[in-house]
């Protein structure tokens with residue numbers, strides 16, 4: 001390996017290349033040191049399952065966001081260079097299952113945020129975006145134009161989804177329950193759903209930050225400071241959150257020695273990387289907000 005080669009992966013996928021025109025180019029770093037040497041950003045990587053040890057030159061000018069996983073450190077000079085070039089840096093959990101921080105360095109443009117704000121500010125257009133989100137889940141556009149009615153229909157669909165997946169994985173299911181005061185008091189399936197939802201929401205946090213959208217401006221969720229993040233995470237409830245939760249719950253029920261949080265954390269990280277969840281979320285956000293790669297696609 002050469003002393004300084006281009007970092008080969010995106011989100012830990014060595015076979016992926018980051019096209020310069022790709023507005024959501026991401027670099028995954030873990031177990032190493034991010035630093036500056038002679039004006040160039042480098043990553044000194046330890047041996048891991050994702051890539052070989054060595055020193056890699058980071059093409060930060062063409063990357064929108066660097067994701068720092070466990071076991072990484074960063075120098076002050078590295079932060080200074082990233083801030084100067086508008087490259088976002090986020091500290092995340094293994095595979096993107098946690099979103100700890102993303103310094104508000106900005107991406108040098110506000111078009112995504114402005115498009116998001118315009119869509120949200122018009123009540124009729126906001127409802128249209130919400131209906132598109134429900135269409136992604138149902139596989140068709142529902143005729144209803146009342147958000148309360150749509151939420152009620154979705155609630156019934158989710159109950160049926162829980163029952164279907166519980167039967168698939170042989171999970172004893174007595175309904176969705178969540179005691180905020182004592183989360184550990186919930187049964188194994190409900191605890192698993194809580195963990196899985198948190199991890200998928202973290203992936204959505206990363207995607208929203210990478211695009212430069214506005215977390216508080218949700219189209220379905222309203223009151224939360226990360227309402228739009230919750231909107232995006234819910235789009236993957238059927239495909240990711242519930243299967244992830246119930247499949248791991250089954251393993252823990254079969255082997256009580258397994259620690260639920262640990263098992264679901266590692267499984268989530270593997271699923272996120274293998275199925276490219278975060279890039280898929282970014283593409284969906286850009287589609288919803290009418291943002292194209294030319295940065296001019298406003299409705």
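Quick notes
- Each label point was placed 7 Å from the Cα along the Cα-to-Cβ direction; for residue 157 and residue 110 their separation is 3.5 nm.
- Label point distance in nm, residue 76-residue 224, each placed 7 Å from Cα along Cα→Cβ: 3.8
- Every Cα-Cα pair in the stretch 195-267 was counted, and those over 17 Å apart are 48% of them.
- Using R0 = 35 Å, the C-beta based FRET efficiency linking residue 254 and residue 122 works out to 0.10.
- Sorted by Cβ neighbour density within 10 Å, fewest at the top, the residues 38, 77: 38, 77
- Label sites at residue 136 and residue 168, each approximated as a point 7 angstrom past Cα along Cα to Cβ, lie 1.9 nm apart.
- Hydrodynamic radius (Kirkwood) for the stretch 111-288, which is based on Cα pairs only, to one decimal in Å: 17.1
- Using 0.36 nm per residue and subtracting the Cα-Cα separation, the extra length available between residue 270 and residue 62 on full extension is 72.3 nm.
- Counting every other Cβ atom within 10 Å of each residue's Cβ, 55, 242 order from fewest to most as 55, 242.
Every number in this text was worked out from the coordinates using simple rules, so none of it is lab data. It should be emphasised that the depicted structure is a prediction, and the values quoted were computed from it without experimental measurement. Positions of Cβ are generated from backbone atoms using ideal geometry, with glycine treated the same way; all protein chains shown enter the neighbour counts.
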